[in-house]
Amino acid sequence: MTKQRLDILMTASGLTTSRSQAESWIKLGKVTVDDKVQSKPGFFVHEKALIKLNAYLISVVVLEDLPTMHCNMVQKKYSLSM
């Protein structure tokens, strides 16, 4: 079994769109590997490890029929894993 850096594996699997984004989530303590929080982007993990990103997704809805732009912010917690 080969090992890869956590930030690279997160990007390759599609959990994040860039390595710097993965690094930010990891440093914020929002990433777990096999249910243990990891805070180092260079941590080596097996390709079969369970990686989870625990983050909030904020969606913005624009109401077009109003003369000014109004946003309806909805905050939901998502746990993404690979």
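The values are calculated or read from the model by the stated rules, or taken from the named source; none is laboratory data. No experiment lies behind these values; they were computed from the predicted model shown. Quick reminder, even Gly has a Cβ in these numbers, built from the backbone with ideal geometry, and neighbours come from all protein chains shown.
If I filter region 14-31 down to residues being in contact with an Asp or Glu (Cβ under 9 Å, 6 or more places away or on another chain) and more than 17 Å from TYR56 (Cβ to Cβ), which single residue comes out as surrounded by the fewest Cβ atoms within 10 Å (Cβ to Cβ)?
SER20
(1) at pLDDT 85 or above; (2) among the small types (Gly, Ala, Ser); (3) in a strand (DSSP E or B): which one isn't true of SER39, the others all being true?
(3)
Evaluate region 32-39: report whether one residue or more is closer than 25 Å to MET1 by Cα, touching a Phe, Trp or Tyr at 6+ places or on another chain (Cβ under 8 Å) and crowded, with 17+ Cβ neighbours inside 10 Å.
Within region 32-39 (the criterion being closer than 25 Å to MET1 by Cα, touching a Phe, Trp or Tyr at 6+ places or on another chain (Cβ under 8 Å) and crowded, with 17+ Cβ neighbours inside 10 Å), the answer is yes, since at least one residue qualifies.
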